[in-house]
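A.B. asks: Mind looking over this structure? Questions follow.
Coordinate-derived values only; no laboratory data. Source: prediction; values computed, not measured. Don't worry about glycine lacking a Cβ; one is built from the backbone with ideal geometry, like all the others, and counts go over all protein chains shown.
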Amino acid sequence: MKTLPPSKNWADVKVGDELPELVIELTPTVIISTAIASRDYQDVHHDRDLAHKKGSKDIFMNILSTNGFVGRYVTDWAGPNAVLRSVKIRLGVPNYPYDQMRFSGKVESKELVDGEGRLELEIRGANQLGDHVKGTVQLVLPTRA
Amino acid sequence: MSEPDQSLDERLQEYVKAAVPSPPGPPARDPVNRPMIHHWCDAIGDTNPIYVDEELAAQSVHGGLVAPPTMLQAWGMPGLRGRGPSLPEHARAPALVGGNRNRGPVALLHEAGYTSVVATDSEQEYKRYLRPGDVLRMSGGLESISSEKKTALGDGYFVTNKTTYWDQNDEVVAEMRFRILWFKPRRRGGGEESQP
């Protein structure tokens, strides 16, 4: 029988803990496949000629995909039993192809509410132009019995 | 409702005051489903087994397969041919390019020269994880408009819309705030629809 990979336990997480860096290669395939997987067919996310005409230097990632990468970054670290409660993001510079987005993150606060182990994380995803995304993620982790 | 001598700010705030959230629209074109979850996880590179592996998901706190929570907006997107009726027009638009340019507050902003748009903030709150088979409906509308702000892109107004996602049992499963900036581009070529 297969076994679910381990998850972080709320009791073991400290405020100030840093998440390991995650680097996303922003290939055209990544920009386009994530836009289409989110059912966003706006041309600026898959058609470079039209993106140029609209004043953009290239196609760029859509915001729905940015949300997806933030969610992945958090659960890659926290494990499959982490439950996301909220993802709040602010967008900065666009994610263009042939760049990288480097995620970093930190535990901002933790509290136990009615036996529920809650965390708040600060997340940042930067490319060579600057911060693409800054955000706050609230989640619940298993607590030790 | 608008007097000719009113300022743009006053006219915009009248729209905010008059805004009534739409009732839940018709069901999304497709229920929450495994093929779309597979495409999403492949594209995002998300290997969390609770989204794709029945056996492992059964061992998780969810007790079975769930959809990635951050995939929320995808379930209500209209798709390539504009199907997927999930929201009335005024409420659907903010999830796309910022609103109807022919009427309402966005038309006012356009007339006043605030013709470029950029998505600035997304806030999603999840009441529960979605599961394959869930059928979503959405309600929502205009929540607030800022006063004129100076930004790096140019002077503009932040427009915030709120969308509520309902399931087949008329329970709220998630809420989303989506904020966009309508601005006067500072220089030529400044990004009409530059994001999202």
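A.B. asks: Along the charge dipole of the range A:11-105, which of A:V13, A:V30, A:V83 sits closest to the positive end, that is, farthest toward it, with unit charges on the beta carbon of Lys, Arg, Asp and Glu (+1, +1, -1, -1)?
C.D. replies: In the range A:11-105, that residue is A:V83.
A.B. asks: To make sure I understand, if each residue's beta carbon is the centre and we count other beta carbons within 10 Å, what order do B:M36, B:M71 fall in, fewest to most?
C.D. replies: B:M36, B:M71
A.B. asks: Can you give the charge dipole size of the range A:79-118 about its Cα centre, rounded to the nearest 20 debye, using +1 on the beta carbon of Lys and Arg and -1 on the beta carbon of Asp and Glu?
C.D. replies: The dipole of the range A:79-118 has a size of about 120 debye.
A.B. asks: Which angle from 0 to 90°, rounded to the nearest 10, does the C-alpha axis of helix A:28-37 make with the longest principal axis of chain A?
C.D. replies: 70 degrees
A.B. asks: Hey, got the average number of other protein chain Cβ atoms within 10 angstrom for residues in B:122-132?
C.D. replies: 4
A.B. asks: For A:E25, project a label point 7 Å along Cα to C-beta. Then give me every residue of the range A:82-112 with its amide nitrogen under 13 Å of that point.
C.D. replies: Counting only backbone N, you get A:98-101.
A.B. asks: Moving on. Computed over the Cα atoms of the protein assembly as shown, what is the convex hull's projected area averaged over all directions, in nm²?
C.D. replies: 18.1 nm²
A.B. asks: Using 7 Å Cα-to-Cβ label points, what is the B:E54/B:Q13 separation (nm, one decimal)?
C.D. replies: 5.8 nm
A.B. asks: Mind putting a number on the dipole of the protein assembly as shown about its Cα centre? Charges go on the C-beta only, +1 for Lys and Arg and -1 for Asp and Glu, and I need it in Debye to the nearest 20.
C.D. replies: 440 debye
A.B. asks: Hey, could you get me the Stokes-Einstein D for the range A:12-130, Kirkwood radius over alpha-carbon pairs, 4 °C and 1.567 mPa s, rounded to whole µm² s⁻¹?
C.D. replies: 83 µm²/s
A.B. asks: Please work out the Cα center distance from the range A:81-127 to the range A:1-46, rounded to the nearest Å.
C.D. replies: 10 Å
A.B. asks: Please report the relative contact order for the range B:25-81, taking Cα pairs under 8 Å with a sequence separation of at least 6, and give it as a percent rounded to a whole number.
C.D. replies: 31 percent
A.B. asks: Next question. Before anything else, pin down the relative contact order of chain A: Cα pairs under 8 Å, at least 6 apart, normalised by residue count, whole percent.
C.D. replies: Dividing the mean separation by the residue count of chain A yields 31 percent.
A.B. asks: Please name whichever of B:V66, B:W40, B:Y15 sits farthest to the positive end of the charge dipole of the range B:1-70, dipole taken about the Cα centre and charges placed at Cβ: Lys and Arg +1, Asp and Glu -1.
C.D. replies: Going by the Cα projections, it comes out as B:V66.
A.B. asks: Within 10 Å of each candidate Cβ there may be at most 13 other Cβ atoms; applying that plus a DSSP loop requirement, which trypsin sites (Lys or Arg not before Pro) in the range A:82-145 survive?
C.D. replies: A:R144
A.B. asks: In addition: Let me check I've understood the local charge: for B:K150, count other residues with C-beta under 12 angstrom from its C-beta, Lys and Arg +1, Asp and Glu -1. What total comes out?
C.D. replies: Around B:K150, the charge tally is +1.
A.B. asks: Additional query: Nearest 10 degrees is fine. How inclined is helix A:63-78 to the longest principal axis of chain A, computing both from alpha carbons?
C.D. replies: 30 degrees
A.B. asks: What distance in nm lies between label points placed 7 Å from Cα along the C-beta direction at A:E116 and A:K57?
C.D. replies: So the two model labels end up 4.4 nm from each other.
A.B. asks: With θ set to phi - 60°, apply the Karplus curve 6.51 cos²θ - 1.76 cosθ + 1.60 along the range A:92-109 and write out the HN-Hα couplings as whole Hz, x wherever there is a Gly or Pro.
C.D. replies: x, 6, x, 8, 8, x, 6, 10, 10, 10, 9, 8, 10, x, 8, 7, 8, 7
A.B. asks: Which residues in the range A:48-80 place their backbone N less than 18 Å from a point set 7 Å from the Cα of A:D17 along the Cα-to-Cβ direction?
C.D. replies: A:71-80
A.B. asks: Across chain A, how many lysine pairs separated by 8 or more positions, or lying on different chains, have Cα atoms within less than 19 Å?
C.D. replies: Going through chain A pair by pair, I get 8.
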